[in-house]
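The values are calculated or read from the model by the stated rules, or taken from the named source; none is laboratory data. Remember, it's a predicted structure, so these values are computed and weren't measured experimentally. FYI the Cβ positions are ideal-geometry reconstructions off the backbone, even for glycines, and counts take in every protein chain you see. With ligands, DNA and RNA removed, areas are computed over all heavy atoms of the protein, side chains included. Shrake-Rupley method; radii C 1.70, N 1.55, O 1.52, S 1.80 Å.
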Amino acid sequence: MDGLQEEKIIVPEKNWRLDLVLFLSFLKIASITVGGGYAILAAAREEFICRRRWLSDDDFSEMMTVIITVPGLLAINSAIYLGWKLHRFSGALTAALGALLPSVTVIMLIAAGLSAITGFLQNPFVQGAFKGILCGIIAMIGLTVIKMGKSNLKSIFDWCMILICILGIAAWHWNPAILIAGAIAAGILKVSLGKRGAAQ
Amino acid sequence: MTPLVLYLHFMVYGFLCFGGGYMLIPFITADLVHGGFLSAADFANLSSIAQITPGPIGLNTATYVGFLQSGFTGALFASLGLVTPAFLLVISALKLLKRYEHTVFIKGFLAGMKPASLGFTCAALLIFAGMSLFTGALPLGKWLKGEMTGVGIRWGAIPIIVLAVILLKKSKLPFPLVLGICAVCGAFLLK
C-alpha cells in the first residue's frame, strides 16, 4: 500500500486558501514540536509529504540540502522553502509567519515575567510530558532518516559522508559551516571526476 | 537598544548561523553576554527554557533578548531581523538550483549535501536521544578515544518510542495526536 501511494503527488490549488493552509500548518507544527529545527523538519515531512502529498520524498531530500546549506534557522528556512515552492512569495511569507508565531508568543510571555509559566514548565509531570514528546520526535526523525537513507545512500562515498558528519557534530563538535563546505567540495570533486571517467 | 539596532544586530546573526541555528546558539548567546546585552543569569535561564518551549530554538533567543532590550517591539524586530536573511538566501538558492540544474556545481552540491544532510539529521537524533532516552548527552568523543564512560538509560522512553513508531507507520492518526499520546505517556513514565 505504501508503494502505491508513494508516487502520487497532489498539486494544491494556488489561491489564498493555500496561504491560509500553509500558515495554519506551520503554526500547528511549530506549536507542538519541542527541540527546534530537526523536529520541525520531521513534522513538516509528516504533514506535507505523508499526509497532504504535496511533495515527493525526492523533493524533501533536495529541500534538506538547501535549507541546511543556507544559513538560518531550519524551521524558518523550511517554511520559506515549502511556501515558495507551493505558492511563491505569499506562500513563503505566510508559512514563515506561522512558524514564527508560537515561539515568539510563548517566549514573550516568559520574558514578561509570567512566573506561572516558568513554574508550569518546571512541574515534573510537564517535564515528563516534554520528554515523551521528544520520544515521539525521535520516532519521527528516525523514520525520516530510514526513508531518506534508502534512496540516498548508494555508494561508499555517501556512507563516508554521513559518518563524518555524524561524528563531526555529535562527537567532535566541529563547526557545521566547515562540514558543509567540505561536503560540497567533495561532491563537486566526485561529480567532475565521474564525468571525466565517463568521457574517457 | 532601539528596535532598529536590534533588527540589524539579529540580521547579522541570521546570515551567520550555518547548519541550522541551534548548533550556533551557544556562540550567539555567548556573544550577546559578552557584549552586555544579556546577563549571565538571563543566559542560564534562557538556555534551559529554550530547550523545552515549542518552536525554533534560535528564535526563542532572539525574542527573549529583544523583549528584555525594548519590550514588545524589540522582541518583534529582533525575531524579524533573524529571519530576514532566510528570505533572501532560501529564495535565491531555489532560483540558482533551478537555473544551473545541469552544471557540475549543482550536481556536485547535491551529491555532497544529500548524504551530509542525512548525517546532520542523525546527529540531531543523537542529541534528542541524549535529552530523553538517555540521562545525558552521549559521550561519543570519549568513546572514540577508548574511554568507557557510561550513560544512564531512561527505560520508560523505550516503549514510548516503539509505540510512536507503530502509530506513525501503521495507524492513520495525525502526528499531533501521536505526539499528544507520547506526552501523556511521558508525563507518567518519564517524570
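Things to note:
- Test: residue in segment A:9-22 that is closer than 30 Å to A:Ile180 by Cα, at pLDDT 95 or above and in a helix (DSSP H, G or I): yes
- Per-region count, segment B:83-104, residues under 30 Å from B:Leu38 (Cβ atoms) and either facing chain A (nearest Cβ under 7 Å) or not in a helix (DSSP H, G or I) (or both): 6
- Within segment A:26-35, considering residues that are open to solvent by less than 20 Å² (accessible area, probe 1.4 Å) and touching a Gly at 6+ places or on another chain (Cβ under 7 Å), the one modelled with the highest pLDDT: A:Phe26
- Options B:Leu163, B:Leu168: the member that is over 21 Å from the mean Cα position of the chain (by Cα), at pLDDT 90 or above and more than 7 Å from chain A (Cβ to nearest Cβ): B:Leu163
- Whichever residue in segment A:9-25 is open to solvent by 60 Å² or more (accessible area, probe 1.4 Å) and of a type outside the set (A, V, I, L, M, F, W, C) and, among such residues, is farthest from A:Lys85 (Cα to Cα): A:Arg17
- Between A:Leu109, A:Leu101, A:Leu97, the distinction of being over 28 Å from A:Ile169 (Cα atoms), surrounded by fewer than 22 Cβ atoms within 10 Å (Cβ to Cβ) and without any contact (Cβ under 8 Å) to a residue 40 or more places away in the chain belongs to A:Leu109 only.
- Pair list, Cβ under 7 Å, 6 or more apart: segment A:155-181 residue more than 7 Å from chain B (Cβ to nearest Cβ), other residue aromatic (Phe, Trp, Tyr): A:Gly168/A:Trp174
- Sole residue being of a type in the set (Val, Ile, Thr) and closer than 22 Å to B:Gly55 by Cα, chosen from A:Ile156, A:Ile117, A:Ile164, A:Ile146: A:Ile117
- Meets criteria (in a helix (DSSP H, G or I), in the same structural domain as A:Ile40 (by TED's automatic domain parsing), open to solvent by 40 Å² or more (accessible area, probe 1.4 Å) and over 22 Å from B:Ala124 (Cβ atoms)) for A:Leu86: no
- Subset of segment A:112-125 (residues that are open to solvent by 20 Å² or more (accessible area, probe 1.4 Å), part of a helix (DSSP H, G or I) and either touching a strand residue (DSSP E or B) at 6+ places or on another chain (Cβ under 8 Å) or of a type outside the set (Gly, Ala, Ser) (or both)): A:Ile117, A:Thr118, A:Phe120, A:Gln122, A:Pro124, A:Phe125
- Sole exception among (1) of a type in the set (Gly, Ala, Ser); (2) surrounded by 24 or more Cβ atoms within 10 Å (Cβ to Cβ); (3) without any contact (Cβ under 8 Å) to a residue 12 or more places away in the chain for A:Gly128, by number: (2)
- Condition check for A:Gly72: assigned to a helix (DSSP H, G or I), open to solvent by less than 50 Å² (accessible area, probe 1.4 Å) and either more than 10 Å from chain B (Cβ to nearest Cβ) or in contact with a helix residue (DSSP H, G or I) (Cβ under 7 Å, 6 or more places away or on another chain) (or both): no
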